[in-house]
Amino acid sequence: MVGWLVRSKAATWLASPHGRVTESALRNAVAGKTVLVTGASFGLGEATARRLGAAGAKVLLVARTRDKLDAVAAAITAAGGHAEAYPVDLTNTADVDDLVKTVLDKHGHVDVLVSNAGKSIRRSIARSYDRFHDFERTMGINYFGPVKLMLGLLPSMRERKQGHIVNVSTVGVRVPPGPRWAAYQASKGAFDIFFRSAAFELAADNVSTTSVYMALIRTRMSAPTRIFEYVPGMTAEEAAELVCAAIVHKPSKISPWWAGAVEAVDAVTRVPWQWTVGQVYRAGRR
Ligand SMILES: NC(=O)c1ccc[n+]([C@@H]2O[C@H](COP(=O)([O-])OP(=O)(O)OC[C@H]3O[C@@H](n4cnc5c(N)ncnc54)[C@H](OP(=O)(O)O)[C@@H]3O)[C@@H](O)[C@H]2O)c1
């Protein structure tokens, strides 16, 4: 019963209020355009790449898993689209330099960058005392990697006075993050702040930005967290609709409708809320 409820249309609406983007609107926005999608080998990035490929974009697929990228590219191509696989570890700055050079040499520019690659870690502070590398790894892929890629692609976008960048963020950076997510949420928050600050400078050169604050998406990232089975969530394809809406409509942000209300409530109830949640996660339940 609970499972049926959290997978119902109403639950999807709770996770995301935005409807479908029509095929024609997406095609008008991306046909013939060069769109680079990071994290295109699995989950939301794969679903987004497939949708963009079907709408006529030249999709550049970036992630580490070469076989999976090749398979996604082959599926897009077989369906009549255009896709190219770029196996790259975005935490390696030299590899990001090479990626930028290769892409710009071949395509001249990127019209749309979907910064989606990411990694989550769910671990309590008590279990992280000897795991500083968790914090380095999440910052590497969720902050430094996307910053490095943006720095590489921005000069050509700004020179052309044309470009759009979508940051796939999490609603957790807007609402109280909850215990065990410190490494992940801090790294996503770092890029969110970088991105929103950069947006002011980029707007002057007609480079637009959209932060998409995703609620739960049922992917391999969220699968290990058992409690998420009881939380309303989206499929990767439903979440890809939001990325496509970002590309078509170019709003500054897309967010679940309830995020603003939760932020406001958090402002006045943070201390009692932290105390309550803290009781649940007391020693012995870490
Ligand atoms: N799932 C959720 O509930 C949820 C909620 C809010 C926000 N998000 C955000 O949504 C985005 C997509 O997540 P997802 O749920 O689709 O997860 P996913 O299925 O695990 O996909 C993550 C993608 O990132 C790529 N990636 C990871 N490390 C990389 C690296 N060092 N270099 C290059 N690519 C790398 C992965 O490919 P390889 O392993 O092949 O490199 C994969 O394609 C993330 O930014 C995540 O923070 C997810």
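Given the -39500 (n - 2.57) contribution per DSSP H run of 4+ residues, what per-residue ellipticity at 222 nm results for the chain, rounded to the nearest 500 deg cm²/dmol?
Working: 11 runs with 142 residues, N = 286.
Helix-only estimate at 222 nm: -15500 deg cm²/dmol.
Can you tell me the Rg and the Dmax, both Å, for the Cα atoms in segment 197-286?
17.5, 53
With N denoting the number of residues in segment 133-268, provide Rg(C-alpha) divided by 2.2 N^0.38 Å, to two decimal places. Can you show the working numbers first?
Details: Rg = 15.6 Å, N = 136, 2.2 N^0.38 = 14.2 Å.
Dividing the Cα Rg of segment 133-268 by 2.2 N^0.38 Å gives 1.10.
Do any GluC sites (Glu not before Pro) in segment 179-286 lie in a DSSP loop with no more than 14 other beta carbon atoms within 10 Å, and if so, which? Show your work: numbers first, answer last.
Numbers: sites: Glu201, Glu229, Glu237, Glu238, Glu241, Glu263; in loops: none.
Listed in order of number, the matching sites amount to none.
At 20 °C and 1.002 mPa s, grab the translational diffusion coefficient of the chain from Stokes-Einstein with a Kirkwood Rh over Cα pairs, rounded to a whole number in µm² per second. Walk me through the numbers before you get to the answer.
Details: Rh = 19.6 Å.
Reported coefficient: 109 µm²/s.
State the dimensionless ratio Rg/Rh of segment 117-200 (Rg: radius of gyration of Cα atoms; Rh: Kirkwood radius).
Values: Rg = 14.6 Å, Rh = 13.9 Å.
Rg/Rh: 1.05.
Along Cα→Cβ, 7 Å out, is where each label goes; now give me the distance between the ones at Asn28 and Leu151 in nm to one decimal.
Here the answer is 3.8 nm between the modelled labels.
Quick one: pull the percentage of alpha-carbon pairs in segment 29-134 with a separation above 15 Å.
Numbers: 3490 of 5565 pairs.
More than 15 Å apart: 63 percent of the Cα pairs in segment 29-134.
Spin-label point model (7 Å from Cα, Cβ direction): what's the His249 to Val262 distance in nm?
Label-label distance for His249 and Val262, simple model: 2.0 nm.
So what is the relative contact order of the chain, in percent, for Cα pairs below 8 Å that sit 6 or more residues apart? Each step should come with its number before you reach the end.
Working: 496 pairs, mean separation 63.4, N = 286.
Dividing the mean separation by the residue count of the chain yields 22 percent.
As a quick test, which of the pairs Lys68/Lys148; Lys148/Lys253; Lys119/Lys188; Lys148/Lys188 have an alpha carbon distance above 20 angstrom in this structure?
On the way: Lys68/Lys148 24 Å; Lys148/Lys253 22 Å; Lys119/Lys188 10 Å; Lys148/Lys188 15 Å.
Pairs exceeding the cut-off: Lys68/Lys148; Lys148/Lys253.
As an exercise, use a Förster radius of 30 Å and the Cβ-Cβ distance of Arg196 and Arg20 to find the FRET efficiency, rounded to the nearest 0.05. Mind dumping the intermediate values first?
Details: r = 27 Å, r/R0 = 0.90.
Approximately 0.65, to the nearest 0.05.
May I ask you to derive the FRET efficiency for Ala75 and Glu237 from their Cβ-Cβ distance with R0 = 22 Å, giving the value to the nearest 0.05? Let's see the in-between values first.
Details: r = 14 Å, r/R0 = 0.64.
Efficiency, rounded to the nearest 0.05: 0.95.
Take the Cβ-Cβ distance between His107 and Val280 as r, set R0 to 51 Å, and report the resulting FRET efficiency rounded to the nearest 0.05. Could the numbers behind the result be given before it?
Working: r = 50 Å, r/R0 = 0.99.
After rounding to 0.05, the efficiency reads 0.50.
Reachable lysines from Lys250, Cα under 16 Å, same-chain residues fewer than 8 places away excluded?
Those lysines meeting the cut-off are Lys33, Lys161.
No lab work stands behind these numbers, since they all come straight from the coordinates. Quick caveat, the model's predicted, so the values are computed rather than measured. Note: ideal-geometry Cβ built from the backbone for every residue, glycine included; neighbour counts use all protein chains shown.
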